[in-house]
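Visitor: This is the structure I want to talk about, given as structure tokens.
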Amino acid sequence: MKYLSILSAVLFICFSCQKPTKTFTEAEISIIPKPIQTIIGEGSYSFSKNTTILVEEEAQKPAAKYLSDLFENAVGYALPFSETAENASIILMKDVGIEPEAYHLKVTPEKIIIKANDAAGYFYGVQTIRQLLPSNIEKTANKEQKWVIPSIVINDAPRFSWRGMHMDFSRHFFSIDEVKTFLDYMALYKLNTYHMHLTDDQGWRIEIKKYPLLTEKGAWRIESSHDKTCNELAKTDPSYIIDPQHYHERDGKKMYGGFFTQEQIKEIIVYASERQIEVIPEIDMPGHFKSAIDNYPYLSCTGKPGWGKDFSTPACLGKESSYEFTKNILAEIAVLFPSKYIHIGGDEVNIESWEECPLCQKAIKHNNLKNEHELQSFFNKDIEAFLKTKGKELMGWDEIVEGGLSKDATMMWWRNWAPKMRDIAANNGSDMIITPCFEYYFDAKHEVTPFEKVYKYEPIPEGFTQAQSKHVLGIQANLWSEMIPNFKRLQYQAFPRMLAMAETAWSSKSNKNYEAFQERMGIQYDRLDALGIQYHIPSVTGFKDKVAFLDKAIVTLNPPLKGMDIYYTTDGSVPSKKSNKYTAPLEFTETITLNTIAFRGDIASDTRAASIEKQTYLEPVTITPKKGLIKRWVGVKKFKVVDAIVLPKKASFTSVAAINIENYDVVEQLSMVFKGYFYAEEEGLFEFATKSDDGSLLYIGDQLVVDNGGNHPAIEKNGMVALKKGWHPLTVKFHEATGGGQLTAWYTAPNGEKTILKGNTIAHD
């Protein structure tokens, strides 16, 4: 007995001397998307070979297996399943009071409990655990380390039921392994819908057994215009190299292409389903159908494939064979995909060919239709009725609203310049997915659609009633692959914007905060590194695109992310880690070009250049102009880019109150020239800026101050100029290529605030 008493005392002393487990701070925790409620507790939980998982029902198995596999891949041992709660370290527990996809997570130093009411809820609880673990959990063959997560209580549920990502396989193709990798990225950030754009003019990417030529011929092409552009860009940027695995010798020619067999599609669907992701197929019709018409030419109005002014020749909607062909394809698709929806595209249809087709005109008359838009709507409704017989619902881009939309069809709104489509659909009782071109097209350059812009976009339209808002199922970001020729480039375009979109898709509007999100992103970048993702980092900040000075310029450089090292050159060369390292503000006394770059490990930011220009004051003109107005010339379909604009000899001007495109915001190939004067209220360095879609150029006198040229979505550029007090000649040129444009111009006086160019600061003679 004495021996036992001594042993007990020793054990008590040893236990009392054990160090308490680590307690985490809020700054050490990064969960994206942000949960509804997070309460950090004392201590932490440590995973080990002895950690076991209790699974009591089928719905819990995918989540449990995912967590077990995560450890097996990372550290070489799986987490075994337990048969009893007493022996289990991780308990998955059913709670019928929890909403679909929601979960409750409780972590203590002794146990982890995930409560949910469906497979998705358990799975998302596991993904939160995954993000609480050290980022090295994403790597394979890790050396022994502590796998510790904080004691924490989380209550969480998604805002939207549709949280989607899209990939385009037609323009450039991606392998099945790359698809699976991308699905893993989606799972990590609780995205649940994978939209596969499988057919388009440039390639047919899915096996259709009834029509074998679609993949025997339609899946392969010689070099396209997109390929040529990528190859040209690849000469200076290796990220544009076309993936060589998709080149094959066919019929004695080197051809690009590939497709998924139906067995491969089944494999993708199973893999996605295990990650609670639904796969939505898109089979474009009746437009964007050239890869089908090329091989079955009887489908077109003329019996030949071809192109109209902007888009390819569509299927003829005056021929019964077109309806039969498309339904036969969709019959195979409906059997293959278990998804609720089948997407038929329906966008950018070349209706001019229908206008000239006697059979289409006969169909319009026979069915009492008003025009070609209603003819497409007639086709859509016929396809929709067919899909219903297969237990499916029709989905299409927002053009399907034109000409009439059935209540059961679902629209993807993408055209920022067609906001009324949202109202028409909602008022019609039709559901919609918000996927706007200007915010959620991730193939756009990062400077055009920056990270912050993605995060701050609110998908519920302002002014929508509660009844209308119920028709917004969710949001989706798209990756069109014209300029994405390989998987690394796709990563670069998707990340980190995908995380910003995922938070909007999951977290409530009131629970979002951009500055706090940026803090959490600091830890997430480590996870992206561990996953081997080639993500985008913006350029160095702290200076203007054009820095003007009189005696000397002091330029301060700021890293785009915390902890990054900055390098620069002044000899015109591209900076690298071998260039000058930035350590203190730079001083310049002569005109030079400053090139900058920043590095986070081996991942580089965008490069950024600035013109550092020594100037003398521009003299004002002696004039007494008419204040408050500026002259505007307008030309339509005269030029293709802003740099080419030349005023006609007898240009006709009108007077306007501001530099904008009022009354011309949907005109294609629009050119404008604004001429007048700007008033410098004091002597000094003035900054000017334009934000334009597409290009704009701002001149003071003959001097180009803001170069925002080229055709591009809305980008803001700035520049500086030294002005003496008084009136100075002002010219602004603008061009919009495709409609839906934007133009705003500002100035900032010395020590002043950024102000729109209007009112008494502008004038004309």
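Visitor: Can you give me the Rg/Rh ratio for the range 262-405, using Cα atoms for both radii and the Kirkwood formula for Rh?
Guide: 1.00
Visitor: Shifting gears a bit: Among 361-369, 451-459, 123-131, what's the highest-first ranking by average C-beta atoms within 10 angstrom per residue? It would help to have the intermediate numbers written out before the result.
Guide: On the way: 361-369: 13.7, 451-459: 17.6, 123-131: 24.2.
Going from most to least packed, we get 123-131, 451-459, 361-369.
Visitor: At q = 0.09, 0.15 Å⁻¹, what log₁₀ I(q)/I(0) does a Debye calculation on the Cα points of the range 626-764 give, no solvent, two decimals?
Guide: -0.23, -0.66
Visitor: With Cβ to Cβ distances under 10 Å as the rule, what net charge do the other residues near Q468 carry (K, R +1; D, E -1)?
Guide: Values: positive: R422, K470; negative: D423.
Residues close to Q468 contribute a combined charge of +1.
Visitor: Could you pull out which residues in the range 418-433 have an amide N less than 15 Å from a spot 7 Å beyond the Cα of T465, following the Cα-Cβ vector?
Guide: 423-430, by backbone N distance to the label point.
Visitor: Using a simple spin-label model with points 7 Å from Cα along the Cα→Cβ vector, what separation in nm is obtained for Q245 and I40?
Guide: Label at Q245, label at I40, 4.1 nm between them.
Visitor: Need one number: convex hull volume per residue for the range 27-145, Cα atoms only, in Å³.
Guide: 111
Visitor: Right, something else. Need the full-extension length gain, F81 to M93, defined as separation in residues times 0.36 nm minus the C-alpha distance. One decimal, nm.
Guide: 2.9 nm
Visitor: Using helices alone, what [θ] at 222 nm do you get for the chain, with -39,500 (n - 2.57) per DSSP H run of 4 or more residues, divided over all residues and rounded to the nearest 500?
Guide: So the calculated ellipticity at 222 nm is -7500 deg cm²/dmol.
Visitor: Write down the Å³ per residue value for the convex hull defined by the alpha carbon atoms of the range 546-614.
Guide: 79
Visitor: I need to check one value: relative contact order of the chain, counting alpha carbon pairs closer than 8 Å and at least 6 residues apart, in percent.
Guide: Result for the chain is 9 percent.
Visitor: Hey, any idea what the orientation-averaged projected area of the convex hull of the chain's Cα atoms comes to, in nm²?
Guide: Values: hull surface 165.0 nm².
For the Cα atoms of the chain, the hull's average projected area reads 41.3 nm².
Visitor: Looking only at the range 706-741, which residues have a backbone nitrogen under 13 Å from a spot 7 Å from the Cα of V574 in the C-beta direction?
Guide: Counting backbone N atoms under 13 Å from the label point, the list is empty.
Visitor: Moving to a separate point now. If you stretched the chain out fully between E216 and F653, how much longer would it get, using 0.36 nm times the residue separation minus the C-alpha to C-alpha distance?
Guide: 151.6 nm
Visitor: For S44, enumerate residues with amide H under 5 Å from its amide H, sequence gap 5+ or separate chain, H modeled in the peptide plane.
Guide: T21, K22, S151
Visitor: Per 0.36 nm of contour for each residue apart, how much would the distance between V621 and S225 grow if the chain were fully extended, relative to their Cα-Cα spacing?
Guide: 137.6 nm
Visitor: Provide the net charge surrounding Q669, with neighbours chosen by a C-beta distance below 12 Å and charges set as Lys +1, Arg +1, Asp -1, Glu -1.
Guide: 0
Visitor: Let me ask something else. Highest first, please rank the peptides 150-156, 101-107 by the mean number of other Cβ atoms sitting within 10 Å of their residues.
Guide: Most protected by this proxy first, the peptides run 101-107, 150-156.
Visitor: Among all helices in the chain defined by DSSP H, which have a length of 15 Å or more along the axis from Cα atoms plus a Kyte-Doolittle mean of at least 1.0?
Guide: 2-17
No lab work stands behind these numbers, since they all come straight from the coordinates. Since the structure is predicted, the reported quantities are computational estimates derived from the model, not experimental observations. As a convention, Cβ positions derive from the backbone with ideal geometry for all residues, glycine included, and neighbour counts pool all protein chains shown.
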